[in-house]
1. Counting C-alpha atoms alone, how compact is segment 86-128: give Rg to one decimal and Dmax as a whole number, in angstrom.
2. In debye, nearest 20: dipole of segment 1-133 around its Cα centre with unit charges on the Cβ of K, R (+) and D, E (-)?
3. Given the protein chains as shown and a 1.4 Å probe, how many square angstrom of residue 35 are accessible, to the nearest 10?
4. Taking θ = phi - 60°, what integer Hz values does the Karplus form 6.51 cos²θ - 1.76 cosθ + 1.60 yield along segment 20-25, in sequence order, with x for Gly and Pro?
5. Could you sort 121, 34, 55 by their accessible area in this structure, using a 1.4 Å probe and putting the largest first?
6. Residue 16: accessible area at probe 1.4 Å, nearest 10 Å²?
7. Of 69, 25, 80, which is farthest towards the positive pole of segment 1-137's charge dipole, taken about the Cα centre with +1 and -1 on the beta-carbons of Lys, Arg and Asp, Glu respectively?
8. Determine the order of 125, 118 by accessible area, beginning with the largest, at a probe radius of 1.4 Å.
Amino acid sequence: MIPDDFTRAFAFAFGDQNAEALAELLAEDGTAQTLTGIWAEGRDEARAAFAAEATGIFARARLVTGKGSMLPLSPDYCLLRQRFVVTGALEETGQEMPRFGAMLVALLQSDGLNWRAVSLTFTMVSCPLIGRLRLLVGAPNDERRSRRGVSRRLPQQRPRRIARGIGHSI
């Protein structure tokens, strides 16, 4: 496989919900962050992460390829950036979610025969229901769910200011 084939192989494997094929795109000790935010180190963890997504939210999902670029860094490394549109993702109710944009960024390394991802990040770019997707995946620690079920950021504590020349906080 040449670097140009990586995007096509990723899109086909994702659309087929083939966790094994997705994991094989990684180097043996490569890392991956999946679209739902699962962090995986090594092929085995990546395989499990992709399998979990394939039986849940992305059970019927497909990728539509958008703009992409490949930046050669050396004869054995290149940086891949590829935009996709994700269609067919499912809400927890089983209804199909509106399509949304996603970005694949991967540092590829040649192993002599194939190019594999040393580091792969697949993240959401835009989604009309971004709060709902976060609920399906789980909100980070600094977020909480409101009564309507949409994630919201907790207010950050404001830094205290010291009044000039007075010596006490405002």
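The values are calculated or read from the model by the stated rules, or taken from the named source; none is laboratory data. The model shown is predicted, which means the values in this text are computed figures rather than measured ones. Here the Cβ positions follow ideal geometry from the backbone for every residue, glycine too, while neighbour counts run over all protein chains shown. Surface accessibility is based on the protein's heavy atoms, side chains included, excluding ligands, DNA and RNA. Shrake-Rupley method; radii C 1.70, N 1.55, O 1.52, S 1.80 Å.
1. Here Rg and the maximum Cα pair distance are 15.0, 46 Å.
2. So the magnitude is around 620 debye.
3. 10
4. 4, 5, 5, 5, 5, 6
5. Result, largest first: 55, 121, 34.
6. 110
7. 69
8. Largest to smallest exposure gives the sequence 125, 118.
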